[in-house]
2 protein chains.
Amino acid sequence: MRRTKKERQEHLQETIQANPFVTDEELAGQFHVSVQTIRLDRMELSIPELRERIKYVAERNMDDEVRSLPIEEVIGDIIDIELDKSAISIFDVKKEHVFRRNGIARGHHLFAQANSLAVAVINDEMALTRKADIQFTRSVREGERIVAKAKVIRTEKLQTIVKVSSFVGSELVFRGEFSMFRAQLPDKEGQDEIGN
Amino acid sequence: MRRTKKERQEHLQETIQANPFVTDEELAGQFHVSVQTIRLDRMELSIPELRERIKYVAERNMDDEVRSLPIEEVIGDIIDIELDKSAISIFDVKKEHVFRRNGIARGHHLFAQANSLAVAVINDEMALTRKADIQFTRSVREGERIVAKAKVIRTEKLQTIVKVSSFVGSELVFRGEFSMFRAQLPDKEGQDEIGN
């Protein structure tokens, strides 16, 4: 079913609002139009290009929100964080991140993104990784964007379990469960749990 | 018991032969003499400094021996390898590898050393990490040298299990079990196992 331009633009605006990190290429595929059409639509709607949208979100004072390490030490760009709850970061796989021979992203970069997100989500001056169980579920290639989502599962004593799932588009490429040491007990829910 | 200089130098020579990667500082501690004394002993005995000893071992055509990736892509210096059996690499923790705030080495560097050693030990054109269970057992600091030892445990179908233990001196700092995908069955023992 072919949409009118107005319908398409309305739908486009909603789509980008729901997922600010969608690329023009992905939108073109989704709307069955050319990338050029998407760009023109965005211009008419005054929606900045993806890079600008990311920059805007990434600069939203994440530095004040991360406690366990300076923001520059996070691998990838944090785009959303709620301490001791959840966090999201994106990482663009470039030439220097892949095996020269087969163009597949090296595991330690996916690990680094996920691990530093697991550190960043901890609401403490100190967070150290104690152990991790990880799985690489699909090879990632140069040019792909990895979106990592961290979720704090529970805190027991001074140990917090963080699950991280990383996606390219809708495909799971990595998942890991990180067991993190922290210096202090969390303020609220965490302490209740300690009483168990 | 204080040794004569001759006794000390004999013992020193044996010690370095047994472990070419021992530092002058470690030797000084072990022999209860100053680092300067160790240096003079080495000069008299014509034993090159540690850096040269490592370079010598590392240049011993490891490139011909590693199949799964170009040697430059290995994180750390491989100093010994027997394909599909075992491998050893060393990694010097420098300023850029530690958290600025506490000087502790970031986990993904230890992971990268261990993971790339697990890739390198595979006797196949292709080796990809499928999953890993890892543990950080002691914090590593700037200036420390990590010696990682990989051991191939078993191969089942196209999956090889590699255990990596990393040490600073005699202390275990990291251990991991890596499950690796490979393109082909190994030549010998591996294939027998497949028959099970």
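Observations on the model:
- Count of the range B:144-158 residues which are touching a strand residue (DSSP E or B) at 6+ places or on another chain (Cβ under 6 Å) and either within 19 Å of A:K131 (Cβ to Cβ) or in a strand (DSSP E or B) (or both): 10
- Residue match in the range A:108-126 (condition: open to solvent by 10 Å² or more (accessible area, probe 1.4 Å), within 14 Å of another protein chain (Cβ to nearest Cβ), over 17 Å from B:L69 (Cβ atoms) and part of a loop (DSSP other than H, G, I, E, B)): yes
- Selected residue [at negative phi and in contact with a strand residue (DSSP E or B) (Cβ under 9 Å, 6 or more places away or on another chain)] from B:I47, B:I38, B:I54: B:I54
- Selection status of B:K55, open to solvent by 40 Å² or more (accessible area, probe 1.4 Å) and within 14 Å of chain A (Cβ to nearest Cβ): no
- Within the range A:20-28, the presence of a residue that is open to solvent by 60 Å² or more (accessible area, probe 1.4 Å), farther than 30 Å from A:D124 by Cβ, outside the structural domain of A:I153 (by TED's automatic domain parsing) and not in a helix (DSSP H, G or I) is excluded.
- Of the residues making up the range B:131-145, those that are surrounded by fewer than 23 Cβ atoms within 10 Å (Cβ to Cβ) and either in contact with a His (Cβ under 9 Å, 6 or more places away or on another chain) or of a type in the set (S, T, N, Q) (or both) are B:Q135, B:T137, B:S139, B:E142.
- Yes/no for B:G103 being touching a strand residue (DSSP E or B) at 6+ places or on another chain (Cβ under 9 Å), in the same structural domain as B:R138 (by TED's automatic domain parsing), farther than 30 Å from B:I153 by Cβ and not β-branched (V, I, T): yes
The values are calculated or read from the model by the stated rules, or taken from the named source; none is laboratory data. Everything quoted here is computed from the prediction, not taken from an experiment. When we count neighbours, we look across all protein chains shown, and the Cβ atoms used for this are built from the backbone with ideal geometry, even at glycine. Ligands, DNA and RNA are stripped out before the accessible areas are found, and what is left, the full protein with its side chains, is counted by its heavy atoms. Shrake-Rupley method; radii C 1.70, N 1.55, O 1.52, S 1.80 Å.
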